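A.B. asks: Got a structure for you, written out below as structure tokens; questions coming shortly.
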Amino acid sequence: MSRSIDLIADLGEGYGAWTMTEDDALTRIVSSANVACGFHAGDPSTIRESVALCVERGVAVGAHPSFPDLRGFGRRRIELPPSDIEADVLYQLGALEAFLRPHGHRLHHVLPHGSLGNMTVVREDYARAVARAVHAFDPRLTVVYQEGWMIRAAEEEGLPVARVGFPDRAYNEDGTLVRRALPGALVEDPHEVAERAVRMAVDGTVTTASGTTLGLACDSLLVHGDGPSAVSTASTVRQRLESAGVEVAAWSGR
């Protein structure tokens, strides 16, 4: 069955002289980007450069809001009042869109980063806080995440949603991601990642860490941009998707 999928990478994940993502190469491959908004990575100059590359190459720009955790790269679990999460996300959306406005563009989507994203799957209070912030900023914005409270809260706020698959991450039986600290949490071989991506896009399934097959509806696929093989992986995934008859294009609410 031929279909379309949004191929996303995380971009702008640097701070000053420190850089983790190869934005120049990745913007030649993906259809959309999650750009760090300053809380887990991304100083103003880095954000501006990442946005400019995306605009130049026709890559849709989404926000990648995080817990305020530069030191932990947004991957530490943080307990915050939902009102603080709402304010933090709203702040980050405004910061990123400020760099899009000079180009005459607006944000395409929001995909929570790291531990914040993981917690919105299982925490109703965190998910609703993120959804309220997105709705307050722009009710046309698409919320991108996996099934769970984040998708449910966004839908109840009347926001467009797109479900995402993570072909380079291992899944638990309940559809959540295996914690990064555990063995096998990351799928690092580009060809294995590409094979998983095709199954997600075409069959709507993923093999869990325990070897069972899990149904997985997805409109987009995220390849993490901070690994050493990120460019090779993204390129291999795109080639395999297109070979399987899958069009790679930014999500438009199809």
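Bear in mind these aren't lab numbers, they're just calculated from the coordinates by the rules spelled out. Quick caveat: nothing in here was measured; it's all calculated off a predicted structure. Note that each Cβ is placed from the backbone with ideal geometry, even for glycine, and that neighbours are counted across all protein chains shown.
A.B. asks: Give me TYR145, TYR91 ranked fewest to most by other Cβ atoms within 10 Å of their Cβ, as a rough exposure proxy.
C.D. replies: TYR91, TYR145
A.B. asks: Any idea what the dipole of segment 115-185 comes to, in debye rounded to 20, about its Cα centre with Lys/Arg Cβ at +1 and Asp/Glu Cβ at -1?
C.D. replies: Charge dipole, segment 115-185, about its Cα centre: 220 debye, nearest 20.
A.B. asks: Rounded to the nearest 500, what is the 222 nm mean residue ellipticity of the chain from helices alone, with -39500 (n - 2.57) per DSSP H run of 4+ residues and division by all residues?
C.D. replies: -11000 deg cm²/dmol
A.B. asks: Compute the separation of the alpha-carbon centres of segment 123-164 and segment 178-194 and state it in Å as a whole number.
C.D. replies: 27 Å
A.B. asks: So the label point goes 7 Å from the Cα of ARG76 along Cα→C-beta, right? Which residues of segment 21-43 then have their backbone N under 16 Å from it?
C.D. replies: Zone members listed by number: 39-41.
A.B. asks: Next question. In percent, how large is the relative contact order of segment 104-254, given Cα pairs closer than 8 Å and 6 or more residues apart?
C.D. replies: 19 percent.
A.B. asks: Please find the FRET efficiency linking THR213 to GLU156, where r is the Cβ-Cβ separation and R0 is fixed at 30 Å, and quote it to the nearest 0.05.
C.D. replies: For THR213 and GLU156, the calculated efficiency is 0.50.
A.B. asks: Please report the spacing between the Cα centers of segment 1-43 and segment 101-116 in Å, no decimals.
C.D. replies: Cα centroid of segment 1-43 versus Cα centroid of segment 101-116: 11 Å apart.
A.B. asks: Hey, if you drop one equal point scatterer on each alpha-carbon of segment 74-172 and run the Debye formula without solvent, what base-10 log of I(q)/I(0) do you get at q = 0.20 Å⁻¹?
C.D. replies: Normalising to I(0) and taking log10 leaves -0.99.
A.B. asks: Still on this structure: For the modelled label position 7 Å from the Cα of ALA136 along Cα-to-Cβ, which residues of segment 81-99 have backbone nitrogen atoms closer than 12 Å?
C.D. replies: 82-94
A.B. asks: Continuing with this model, one more query. Could you tell me the relative contact order of the chain? Use alpha-carbon pairs under 8 Å, at least six residues apart, and round to a whole percent.
C.D. replies: After rounding, I find 23 percent.
A.B. asks: Taking the Cβ of ASP69 as the centre, find all other residues whose Cβ is under 9 Å away and add up their charges (Lys, Arg: +1; Asp, Glu: -1).
C.D. replies: That works out to +3.
A.B. asks: Give a residue-ordered list of calculated ³J(HN,Hα) values for segment 95-104 (Karplus: 6.51 cos²θ - 1.76 cosθ + 1.60, θ = phi - 60°; whole Hz; x for Gly, Pro).
C.D. replies: Using θ = phi - 60°, the values come out as 4, 5, 5, 4, 8, 8, 4, x, 8, x Hz.
A.B. asks: Let me ask something else. Taking only C-alpha pairs under 8 Å that are 6+ residues apart, what is the relative contact order of segment 126-197 in percent?
C.D. replies: Value for segment 126-197: 24 percent.
A.B. asks: Apply 1/(1 + (r/R0)^6) to the Cβ-Cβ distance of ASP24 and HIS103, taking R0 = 22 Å, and write down the FRET efficiency to the nearest 0.05.
C.D. replies: The pair ASP24/HIS103 has a calculated efficiency of 0.80.
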